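Taking it in order: structure first as structure tokens, then the write-up.
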Amino acid sequence: MTEDEKRKGRKEWCGHMWHRDKLDAIGWAAFFIWGALVMLADATKFSANFDWWNGWGVFFTGVGVIVIIGTIIRLFTPHYKRSPVGGFIFGFVLLAIGLGGWDWVWPLAFFVIAVTILVSVFKRRR
């Protein structure tokens, strides 16, 4: 393989989605940082200080919040703008999984998902 072919291969690799969409890269980094913090809290027994702590629940709730925040940023940033429906649905499903011990969470998540879908259907396309 020539040096030019190697450079071209690296250039294509650098053209990966994270170089085109920095918000996705930030979201993935936040996902892994949050996961590491939750695992660290469990490993160091820091979580034992809280009666309400459920590692998976805390993890999914945090990831849901990260996804929803990213989707809201996409709504108000023209450079990153795209349809928010999938992001909101995914974020609220993750929140519902994380907070799932409460009977009101799933109905609320379903309601928010339905409203998001309806808004996207009836919203005027520009």
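Below are the figures for this structure:
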quantity: Lone unmet requirement of (1) under 10 Å from the mean Cα position of the chain (by Cα); (2) outside any helix (DSSP H, G or I) for Asp51; calculated: (1)
quantity: Matching option when the condition is of a type in the set (A, V, I, L, M) and more than 11 Å from the chain's Cα centre (by Cα), among Ala30, Ala36; calculated: Ala36
quantity: Candidate set from the stretch 12-63 (those that are surrounded by 12 or more Cβ atoms within 10 Å (Cβ to Cβ) and of a type in the set (Ser, Thr, Tyr)); member that is modelled with the highest pLDDT; calculated: Thr61
quantity: Residue that is of a type in the set (Val, Ile, Thr), part of a helix (DSSP H, G or I) and either touching a Pro at 6+ places or on another chain (Cβ under 7 Å) or touching a residue at least 40 places away in the same chain (Cβ under 8 Å) (or both), where the choices are Val58, Val115; calculated: Val58
quantity: Residue, surrounded by the most Cβ atoms within 10 Å (Cβ to Cβ), within the stretch 74-126, restricted to residues that are touching a Ser or Thr at 6+ places or on another chain (Cβ under 8 Å) and more than 30 Å from Trp53 (Cα to Cα); calculated: Pro84
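The values are calculated or read from the model by the stated rules, or taken from the named source; none is laboratory data. Since the model is a prediction, treat every value here as computed from it, not as a measurement. Don't worry about glycine lacking a Cβ; one is built from the backbone with ideal geometry, like all the others, and counts go over all protein chains shown.
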